[in-house]
Structures are given as structure tokens and as C-alpha cells.
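The values are calculated or read from the model by the stated rules, or taken from the named source; none is laboratory data. Quantities reported herein were computed from a predicted structural model and do not represent experimental measurements. Cβ coordinates were reconstructed from backbone atoms using ideal geometry, including for glycine residues, and neighbour counts include every protein chain displayed. Surface areas here come from the heavy atoms of the whole protein model, side chains and all, with no ligands, DNA or RNA. Shrake-Rupley method; radii C 1.70, N 1.55, O 1.52, S 1.80 Å.
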Amino acid sequence: VVYEQEGVFIHSSCGKNDDQDSLIAGILRVIEKENEVVVDWRPLDETLDTSNILCAGKDSSSVVEWTQTPKEKCSRGADRPSSYEAEWDMVTTVSFKKKPHSNGDATAHANGESKWSFLFSLTDLKSIKQNKKGMGWSYLVFCLKDDVKLPALHFHRGDSKPLIKCLEKHVALNESPHDERVLLVKTQKSLSQSFENLFDESSYGLLQKWKKDPYIVTMGKFSKVTNYIVGSLRSSDPSNQRRPPSEMADFLNDTIPGLKINQQEEPGFEVITRIDLGKQPEVSRREPVSAEEWAKNMDSEGRILDVDYIKRLIFKGGLCHTLRKEAWKFLLGYFPWNSTKEERANLQKRKTDEYFRMKLQWKSVSEEQEKRNSRLRDYRSLIEKDVNRTDRTNKFYEGEDNPGLILLHDILMTYCMYDFDLGYVQGMSDLLSPVLYVMENEVDAFWCFVSYMDQMHQNFEEQMQGMKTQLIQLSHLLRLLDSGFCSYLESQDSGYLYFCFRWLLIRFKREFSFQDILRLWEVMWTELPCQNFHLLLCCAILESEKQQIMDKHYGFNEILKHINELSMKIDVEYILCKAEAISMQMMNCKELPQTVSEILGIENSSVTPDSDTGEDESGAELSCPASLYQSISTPVVAANGTRDSAQQTAETQSLTPA
């Protein structure tokens with residue numbers, strides 16, 4: 001039972017007098033069953049004597065007239081208040097369809113007031129009508145898909161808002177454009193926080209599952225649903241195999257409400273298709289930062305001497321594995337860059353105490369307590385399920401009773417105590433796994449994970465604002481980079497870039513090998529060479545696959561399948577070089593659209609289109625990214641042979657905006 005409310009009445013209009021309603025008190029419940037969610041209303045006391053039913057005077061704001069069969073008609077006067085609304089007329093409960101249930105819940109009750117009881121599945125719900133605001137107590141009328149209307153439910157204790165909020169977790173409700181009182185149920189369920197396992201069933205309902213939870217589908221075997229999705233989106237008529245972009249846009253908007261990706265050059269949309277970015281420059285990468293290089297950039301008390309310099313080295317080459325355990329704590333923000341070794345030791349001591357206090361909170365919950373804490377039970381169940389299938393081929397997590405799995409479980413459970421509102425969402429174990437692998441320490445891994453989740457939090461929130469924003473931003477960048485490819489994707493109903501969902505959700509974790517993801521993440525954590533570099537990585541991958549997609553005339557299904565099958569086949573060093581080259585193209589563009597400038601965090605005012613010298617007013621070269629990358633691709637030595645001079649040059653040619 002996920003919702004229960006007493007004091008929910010049916011006004012039967014079978015009162016003793018014409019100006020009275022019979023009030024039948026009942027309990028309304030929303031019940032989650034194995035394969036469906038049902039709404040159940042039944043009288044509080046099914047043995048109630050009808051002669052003792054309470055009566056209330058008629059009031060147009062709180063009364064519903066029930067149209068009954070001849071045998072059930074009560075004596076009533078011919079005159080009715082003129083304020084009665086025709087649409088509130090109801091049919092008797094015996095006429096609406098009920099699905100058979102093995103437990104007998106949906107069978108008709110034969111005695112007492114049980115004829116008023118009803119139960120229906122949310123899959124049968126068509127709409128909900130509410131009363132006008134400020135008009136008596138709150139009531140609702142459910143209308144099913146076969147146009148059967150159920151009796152109005154009057155909420156004498158409280159209002160119906162908690163019920164609506166509960167139902168919205170299971171179905172998408174939108175206000176009718178014709179009547180603000182009517183909430184229409186969408187044909188498919190919107191996104192929710194119910195991250196349950198998928199692909200344990202046949203193809204029935206897979207499109208609904210995808211729209212219900214793209215997290216699950218994109219995290220799982222996405223290719224399994226491609227044929228079903230295509231079949232559902234496209235007409236079965238061979239002469240009409242494609243739907244207009246506007247209709248396809250509606251489909252994606254149903255899935256991720258608020259997502260608006262340009263299909264045409266609409267009013268108010270910045271046209272960026274005619275900008276010449278020039279040729280992509282050649283980019284090379286350097287060797288990973290060595291322990292010696294790291295140590296040389298640290299003073300006697302353990303402070304990092306030149307943070308920008310060390311970040312640029314990491315961006316260009318990554319880190320050797322022995323350095324990761326220390327350097328990642330800085331990159332993720334667990335350790336302040338300007339801290340001394342002693343300050344970091346004190347910080348770790350405080351954070352250790354804080355961690356184990358939070359861990360004790362869930363460890364000390366008894367079985368009896370947990371029975372009364374459904375959210376904690378749900379979090380634990382999801383975590384146990386996901387931990388058992390996270391990176392099990394990695395030696396750090398393979399085998400039964402692996403200590404790495406226990407730590408993974410404990411850290412995720414403790415994170416639920418740290419952020420109980422978010423709790424655990426599928427995909428978070430993927431973000432923690434590499435961090436724990438590198439740290440080899442429960443406490444350090446937890447606080448690094450907390451810092452990483454601070455960056456990724458919006459990806460996992462119920463409203464999915466982070467995912468919406470990133471998909472829209474990615475569309476802007478790809479259109480600037482290659483408007484022709486964008487147009488082709490749109491022509492194949494693929495302009496929404498939904499196949500990038502998994503890339504963005506868990507930062508490419510399922511697309512690269514485990515060792516490659518360590519390299520990719522540490523490069524991204526430098527926040528160089530611009531904001532949202534991960535979106536340029538998406539552009540780099542898509543541009544690399546553009547030729548094959550277009551030459552072979554891939555359609556919706558083939559594009560989805562092809563992108564999904566890139567997993568574990570992408571060369572991380574090649575993609576990093578290509579993404580860096582794209583960033584240089586865009587940052588050197590003198591006509592960069594304002595939208596793109598904001599996405600990448602580039603100050604438009606620093607670009608001077610009239611300049612022939614390639615300098616802004618401060619004298620810094622506009623082509624600084626290329627020259628700076630060039631100097632870092634080799635050991636950073638300036639013309640006079642000193643590293644300080646090279647650092648000074650680098651600072652005047654900063655890769656990131658102030």
C-alpha cells in the first residue's frame with residue numbers, strides 16, 4: 001500500500017429526502033502489485049445498515065448525481081438544482097469492467113453497501129476530474145478508458161493533492177487544454193524514480209518501460225528494444241514509414257518533459273548553420289604525469305606549487321596509476337589544492353569520524369525498524385541488486401564474498417544517510433566503482449564519491465534537469481560542428497540524441513574499458529580546456545561515426561543499434577585528441593554564437609573579429625589554446641630554458657575563462 005486515506009466519501013444521492021445525499025464513508029488505497037498499480041475504494045464498514053447512513057444537504061460544489069439502473073433507483077424528486085453539471089452524472093459500479101485477480105480483490109461484493117466498492121488498474125485510467133478550487137471540499141472523478149466514470153470521491157479529511165502526487169509517480173498526468181479541472185493520463189508513463197530491473201520480460205510493454213525509465217533501458221541492453229521502439233513509433237502502413245519531426249519531438253518530450261531540441265530554424269532559435277569553424281587542428285597527447293613531475297611541483301610542506309600547470313599536464317596526458325590515489329583527491333575536491341600535508345591528515349581524521357557516524361546510522365537500524373522504513377528498504381534492495389552486477393569481471397570485484405563488493409555496498413548505503421533525499425539511484429554504483437578501485441580505502445572513496453556526486457547530482461534527480469540541459473546543449477554544439485549531420489539525424493527521427501543518454505548519465509562508464517575510464521575521468525576532472533568538455537567528447541564520438549552512419553543510410557533503428565554497439569570499441573586517446581581539436585576550433589572561432597559561448601564558458605568579449613593580428617586588447621593571442629597545447633605536448637620548457645617562464649606564458653594564455 002503506497003497511499004491510504006480514510007474519510008473519503010461517496011455521495012450516493014439516495015437520501016431519505018430529495019434535498020439530502022447519503023454519505024458512504026470509505027477508505028481509498030493505491031496498491032502496488034507485482035505487475036500493476038491499482039486504486040481501491042471500499043466502504044469503511046461493509047455491514048453498515050443503509051438506514052443509518054449519514055445525510056448532508058445538497059450543495060453543487062460537493063455533490064454528484066449517480067445514474068442508476070431501474071432496479072436500483074431511489075425515489076427522488078423531479079426537480080434538481082440547476083447548478084448540477086451533466087458531466088458529473090455517473091453509472092453504477094456494476095457496469096464498469098474489472099480485471100480478474102487471483103486474490104479476489106476485484107470481484108463484486110454482494111452484501112451491505114459493497115455494491116459501491118470499486119477497484120481498477122492504473123493502466124485502465126483515462127482521466128481524472130477535480131472540482132473547482134475553493135468550491136467546497138475536494139473531490140475527484142475517475143474516468144476509465146472505456147469511458148466508464150466511477151463515483152465521485154469526496155475528501156472530507158484533507159484534500160486530494162497527496163493522492164494526485166502519488167499517482168504521478170506511476171502515470172503522467174497533464175492538464176487538459178480544454179478544461180483545467182481535468183487531468184489527462186498520457187498513453188505512456190513518464191519518468192519516475194522507480195529504478196527496477198528490466199529485460200526480464202518479453203517485448204510487451206518495452207516502449208512503455210523505456211519511457212517510464214530510460215535509466216534502466218540505457219543502462220541495460222538498449223539494443224533489445226530498438227525494433228519494438230521503431231515499431232511503436234512508426235506507422236505499420238508501409239507507405240507511411242516516417243512520422244513528422246514535430247510528432248517525434250512530442251514523443252521525446254513525453255519521455256523527458258521539458259526537453260526542447262530544435263527540429264527546424266524556428267523563431268527565437270539562434271541560427272548557427274552557416275558558421276565556418278575552419279579546419280580541425282592536429283592535436284597530440286603527452287605521456288602521463290609521473291611521480292617525479294608531481295613531486296617537483298610540491299613544496300616542503302606538501303602544497304601544490306602551480307595548480308594550473310599540473311592540471312594542464314593531467315589534461316594532456318593523464319596520470320600514471322601510482323599517482324591516482326593521491327591526485328584524484330585533489331581533482332575531485334576532497335583535498336584543497338592549497339592545503340599542506342598536515343592539513344590534509346587532519347581533514348582525513350575528521351572525515352573518518354564523520355563517515356563512521358553516518359555508517360552507524362544505517363548499521364544500527366534493527367529489522368523491526370526497517371520494516372517500518374520503506375525508503376531504506378528500497379534503497380538497500382536496489383544497492384544489493386546493483387552491487388552484485390557492477391564490474392564483476394574486474395579482479396577487484398570478482399568472485400563471491402569479495403571485500404570490494406562489501407565496501408561498494410557499505411559506501412552506497414552510507415551515502416543514503418548523507419543524502420537521504422536522493423538516496424540511491426541506479427547508475428551510482430558505476431560512478432563509485434572506479435573511485436573505490438583507485439582509493440582502496442573506504443573513507444577516502446566515500447568522500448571522493450560525495451564530491452563526484454556533487455557534480456553529477458542533477459543527472460539522478462527525479463526532474464532530470466541535468467539530463468535535459470545536457471541533451472539540449474549537446475544539440476547546440478553538434479549543430480554548430482556539423483549542421484548537415486544534424487539534419488541527417490533529424491531526417492531519421494534521431495535528432496534528439498537520446499542514444500547519448502547513457503554516455504551523459506554515467507560519464508561514458510559503459511562505453512570504455514575500465515582502465516580507459518580512469519584516464520578519461522581524470523582528464524575531465526581538470527575542467528580543461530573549457531566548461532562541458534564531456535559534451536565535446538560526445539561530439540567527437542558522433543563525428544567519428546558520421547561517415548558510416550550517412551554512407552550506409554542508417555535509419556532510426558540502425559543508428560540506435562550502431563551507437564549502442566560502440567561500447568568497449570572506442571579509442572580513448574583518439575577521442576580525447578579529437579574533442580580537444582573541436583574545442584580549439586570553437587574557441588578560435590571569431591563568430592561563435594552566444595549560446596555556444598555560454599555552454600563552453602568562453603567570454604565572447606575576448607574575441608575581436610576586426611583584428612588582423614589575432615590579439616585582443618590585452619595583447620594575449622587569440623590562438624592561445626593551440627600554442628599552449630603545443631608547449632605542453634612536450635616537456636614544458638620556455639625559450640630561456642626555465643620552467644617558470646613557460647608557466648608565465650601559460651598563464652597569459654589561460655585555457656579557461658576567468
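Observations on the structure shown:
- Listed by first and then second residue, the pairs linking a residue in segment 559-585 that is polar (S, T, N, Q) to a residue that is assigned to a helix (DSSP H, G or I) and surrounded by fewer than 18 Cβ atoms within 10 Å (Cβ to Cβ), with Cβ atoms under 6 Å apart and 6 or more places separating them unless they lie on different chains, are ASN564/SER223.
- Test result for GLN531, in the same structural domain as TYR309 (by the TED database), over 20 Å from ARG324 (Cβ atoms), assigned to a loop (DSSP other than H, G, I, E, B) and not small (Gly, Ala, Ser): yes
- Members of segment 477-494 that are open to solvent by 10 Å² or more (accessible area, probe 1.4 Å) and touching a Pro at 6+ places or on another chain (Cβ under 8 Å): GLU490
- Test: residue in segment 263-286 that is among the hydroxyl-bearing types (Ser, Thr, Tyr), open to solvent by 40 Å² or more (accessible area, probe 1.4 Å), within 30 Å of LEU347 (Cα to Cα) and modelled with pLDDT of 50 or more: no
- Residue match in segment 397-419 (condition: among the small types (Gly, Ala, Ser) and free of Cβ contacts under 8 Å to residues at least 40 places away in the same chain): yes
- Yes/no for LYS359 being surrounded by fewer than 18 Cβ atoms within 10 Å (Cβ to Cβ) and assigned by the TED database to the domain that holds ASN441: no
- GLU527 vs. criteria out of contact with any Asp or Glu (no Cβ under 9 Å at 6 or more places or on another chain) and open to solvent by 10 Å² or more (accessible area, probe 1.4 Å): yes
- Some residue of segment 482-494 being closer than 25 Å to ASN394 by Cβ and in a helix (DSSP H, G or I): no
- Test: residue in segment 297-313 that is in contact with a Lys or Arg (Cβ under 6 Å, 6 or more places away or on another chain) and either farther than 30 Å from ILE575 by Cα or at pLDDT below 95 (or both): yes
- Qualifying positions in segment 554-581 - open to solvent by less than 20 Å² (accessible area, probe 1.4 Å) and farther than 24 Å from GLN515 by Cα: GLY555, PHE556, ILE559, LEU560
- Selection status of ILE559, at pLDDT 95 or above, part of a helix (DSSP H, G or I) and of a type outside the set (Asp, Glu): no
- Failed condition for PRO403, given (1) closer than 26 Å to HIS321 by Cβ; (2) open to solvent by 20 Å² or more (accessible area, probe 1.4 Å); (3) in contact with a helix residue (DSSP H, G or I) (Cβ under 9 Å, 6 or more places away or on another chain): (3)
- Which numbered condition ASN174 fails, given (1) within 22 Å of LEU119 (Cβ to Cβ); (2) not in a loop (DSSP other than H, G, I, E, B): (1)
- Test: residue in segment 540-549 that is within 27 Å of HIS457 (Cα to Cα), among the basic types (Lys, Arg) and either in contact with a strand residue (DSSP E or B) (Cβ under 7 Å, 6 or more places away or on another chain) or open to solvent by 20 Å² or more (accessible area, probe 1.4 Å) (or both): no
- Residues in segment 315-334 that are in a loop (DSSP other than H, G, I, E, B) and aromatic (Phe, Trp, Tyr): TYR334 only.
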